[in-house]
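Enquirer: Questions regarding the structure given below will be posed in turn.
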């Protein structure tokens, strides 16, 4: 008999090791049959792909090169902490909520969450024509710049710009493509992503995911029975949504797919004979196959009747093992003791094996149930078709075990995902953490007279005092957490996390950008405090964050630190710097001078302070201050890098 390795070795070709390495690193370029897609690989190497504008709508959709470029861009925004929330109710929370454009948030998270997210669930716009989706990007580049970027002529530039403000397939694909690309980079190697969609864009979503994740990383298409009522005005009533499931790395996923199961239900288990080992259910004692050593007569001790295995089958064990099971009260003969032998299977023996889920989910509630949940929390109907928490709980039960997994939803909506995370943690003492991202989509617009007018579908929320969707999302988390605490009382885990830290991701205001453009480092007198331009006050948003706090938060993310990193204030005379994990020292505010440089060099030289690098906000320093600090650090025996940022 050959070993697995021997059988494998018979199939090895000269390029097998190379192809296996490619498949590990670049699974998206392999087809279902394991062949390398060279044409697809060549397309990715191209700087420009003008075929997308001449061929029209395929996967080479109008805007694909633009979408690819967006996936590679750095964030142009800053992360502004909500100090009232983060130093108040969310102070000790490990959960995160970001208000802002999810593409920008995904760009920021690339630095400190790449390969760290265990589960992503998103419910993006379905592009139904009535869900309000239009392509939001305004192409802030000039026509000449677009021509240069993508190698286009005048007609092709016009075709590219034609998707602005539209809800075409190409517009939707251009919107989704960079978000899916960045989402993949955030997933852990053993991670999975679930994307809900309906018929309008399901095939296009599958094309994107196949290209980004690779066909070999497709797991399933789960069909959810989303409504029970019938639309009589439709040719066929649409009563389902699809949820596409992909993994990051098929090899790792397959190694661990035994854990990709639902908790085993206790349905069918009971204990009619009060067995001290607990509840059980009866399984057949026969199994497939014909084996002489497992084919023998079994006598029912109650009736004396003898049984042989059914035709084409054999018993599970040999005679000796059977007798041991019988003596151990593991064999029964039907409810009345008059039937063929059965094996008692105890719940404690099989519960950890889990239960394989079906691809059709009709047991997790409907959109109506999701609406009722919102109504029970707010007393009014704020969303038309929210997902029920039972759907998200089932997804989380399937893909997590409660061991501090991070769950990301960057189309947070009503924060059903966050609610589900908290509910499941309360139920199984889990430590899952959530990251929610929601655009501050307003529930009103301002007319020519300066009067606020509720948007279509936003009146109920506006009248209830909510000016944007993200406000509702955060309030949902607070109210859901309160309900969970009330429902569970003493049974709630002591370390239950029912809050979140809140950050707003915003573009600097025009005046700040203009001041940056006009900044002259040779000017020894800094007339403008550049730091203050990044405060929540200057950015015209809530949150009470200083400009220094905004810059520090943005840089910590950029440098790969988590949002609960250990940040310590370090005083140099009257100047406050910030040290992170004995690694970096951040100098942001103005006021640094020769005395501070001397004190810093002394502490570093005598090892009173241990850091590997000093990071400073260049707009707070003039040339003389920079030169003095830079020269001083170079003279130290220990290597300390100076990083200047603008």
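Quick note: the coordinates plus some simple rules give every number you see, no bench work behind them. In this text, all values refer to a predicted model and were calculated from it rather than measured experimentally. All Cβ positions, even for glycine, are placed from backbone atoms using ideal geometry, and neighbour counts span all protein chains on display.
Enquirer: Counting only helical runs of four or more DSSP H residues, what would the 222 nm mean residue ellipticity of the chain come to if each run contributes -39,500 (n - 2.57) and the total is spread over all its residues?
Expert: So the helix-based figure for the chain works out to -10000 deg cm²/dmol.
Enquirer: Ok, one more. Using Cα-only point scatterers and the Debye equation, what is log10 of I(q)/I(0) for the chain at each q in 0.09, 0.11, 0.12 Å⁻¹, rounded to two decimals?
Expert: After summing over all Cα pairs, the log10 values are -0.94, -1.25, -1.39.
Enquirer: How far, in degrees from 0 to 90, does helix 547-558 lean away from the longest principal axis of the Cα atoms of the chain, to the nearest 10?
Expert: Long axis of 547-558 versus the principal axis of the chain: about 50 degrees.
Enquirer: Quick check on the stretch 576-641: take the gyration tensor over C-alpha atoms, sort the square-rooted eigenvalues as a ≥ b ≥ c, and tell me if it's rounded (a/c under 1.5), prolate or oblate.
Expert: oblate
Enquirer: Kindly express, to the nearest 10 degrees and within the range 0 to 90, the angle between helix 367-378's C-alpha long axis and the longest C-alpha principal axis of the chain.
Expert: 60
Enquirer: If packing is taken as the mean number of other Cβ atoms within 10 Å per residue, what is the order of 494-503, 119-128, highest first? Provide the component values of the computation, followed by the final result.
Expert: Numbers: 494-503: 19.6, 119-128: 21.7.
With the highest mean Cβ count within 10 Å placed first, the list reads 119-128, 494-503.
Enquirer: Now, a different point. If you take the square roots of the eigenvalues of the alpha-carbon gyration tensor of the stretch 280-353 and sort them as a ≥ b ≥ c, do you get rounded (a/c under 1.5), prolate (a/b over b/c) or oblate? Walk me through the numbers before you get to the answer.
Expert: Working: a/c = 1.70, a/b = 1.19, b/c = 1.43.
Oblate, since a/c reaches 1.5 and b/c is not below a/b.
Enquirer: How high is the relative contact order of the chain, given as a whole-number percent (alpha carbon pairs under 8 Å, six or more residues apart)?
Expert: Relative contact order of the chain: 16 percent.
Enquirer: So, one more: Taking the simple approach of a point 7 Å from Cα along Cα-to-Cβ for both residue 45 and residue 569, what is their distance in nm?
Expert: According to this spin-label approximation, the distance is 5.6 nm.
Enquirer: Please order 572, 617, 348 by the number of other Cβ within 10 Å, starting at the fewest.
Expert: 348, 572, 617
Enquirer: With an 8 Å cut-off on Cα pairs and a minimum separation of 6 or more residues, tell me the relative contact order of the stretch 280-353 in percent.
Expert: That works out to 39 percent.
Enquirer: Next question, about the same structure. Using a 7 Å offset from the Cα along the Cα-to-Cβ direction at both residue 162 and residue 635, what is the distance between the two label points in nm, to one decimal?
Expert: 6.7
Enquirer: Could you tell me how many degrees, from 0 to 90 and to the nearest 10, lie between the Cα long axis of helix 416-428 and the main elongation axis, the longest principal axis, of the Cα atoms of the chain?
Expert: 50
Enquirer: Restricting the count to DSSP beta bridges whose residues both fall in the chain, what percent are antiparallel, rounded to a multiple of 5? The partial results should precede the final answer.
Expert: Working: 45 of 75 bridges.
The answer is about 60 percent antiparallel.
Enquirer: Quote to one decimal, in nm, the extra length available between residue 38 and residue 645 on full extension: 0.36 nm per residue of separation minus the C-alpha distance between them.
Expert: Extra length available between residue 38 and residue 645 comes to 214.5 nm.
Enquirer: I need 314, 209 ordered by Cβ neighbour count within 10 Å, fewest first.
Expert: Going from least to most buried by this count: 314, 209.
Enquirer: Assuming a ≥ b ≥ c are the square roots of the Cα gyration tensor eigenvalues, decide whether the stretch 99-148 counts as rounded (a/c under 1.5), prolate (otherwise, with a/b larger than b/c) or oblate.
Expert: The shape class here is oblate.
Enquirer: To continue, here is another question. Which order, highest average first, do 429-442, 580-593 follow once you tally other Cβ atoms within 10 Å for each residue and take the mean per peptide?
Expert: Details: 429-442: 21.1, 580-593: 19.0.
The densest-packed peptide leads the list: 429-442, 580-593.
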